[in-house]
Amino acid sequence: MKQDSRKRLILDLIFIILQSACIIGLFMIKNFEYMRIALSDLLFWVVYMIFEFKQKWVIPFYVRLVVILAIISNGFFGELLNWYVTSAFYDRIQHVFGTYAMTLWAFYIIQQFAKVNITQKRLVIIFFIILSTALGAFYEIIEFSQDVLFKPKIKNQPSLLDTDFDLIADFTGGIIALCHYLFSKTLKSFLIKNQKTYSNDGER
């Protein structure tokens, strides 16, 4: 367990350093709109780290890695290198990958927050579909709110068609996450194994 904690800490520190560098880069090129988003992403993960430590939540290292990669790719490639503007496909790819990562992350966190184990296959399928569609809607609400409140030069939602494609990409990411979970023995057994470990640690 100590080795796992060390790996998580190293990964989190690397993320904080890289995301901070991205924020500084956005500040230097005076892209304050994207800088605000990158800063929000950093604060989100720092707050999660605090809750994870206090609540003793656990997620697979792989899930932690893909979430961090999704955040960094959003900040570095999408915002700092401006691929959201210069590439016709990057936004869709990021929606698919981001929702894939966040659906897996949310699946583990919600179970631990609610203190339930979702193991029945049909419930898992329903839960993943609900999670991915809810995350997709949440993303679009955030983008809409940013357009209304901050009135950026380049809108997050330039058209209804763009929003629809984003939602389709989000749903696709959720389905990929579902398939990965169903075919991965490691992901399916992770919470059960860790709950046994923590209960044994508590008895000692």
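Some notes on this structure:
- Residue count for region 82-112, restricted to those that are loosely packed, with under 15 Cβ neighbours inside 10 Å and modelled with pLDDT of 95 or more: 1
- All positions within region 1-16 that are at pLDDT 90 or above and of a type in the set (Asp, Glu): ASP12
- Of the set (1) of a type in the set (Gly, Ala, Ser); (2) within 16 Å of the chain's Cα centre (by Cα); (3) surrounded by 18 or more Cβ atoms within 10 Å (Cβ to Cβ), all apply to GLY25 but (2).
- Any hit, region 21-34, residues being touching a residue at least 24 places away in the same chain (Cβ under 8 Å), among the small types (Gly, Ala, Ser) and in a helix (DSSP H, G or I): yes
The values are calculated or read from the model by the stated rules, or taken from the named source; none is laboratory data. Not measured: the values here are computed from a predicted model. A quick note on method: Cβ atoms are made from the backbone with ideal geometry, for glycine too, and the neighbour counts reach across all protein chains shown.
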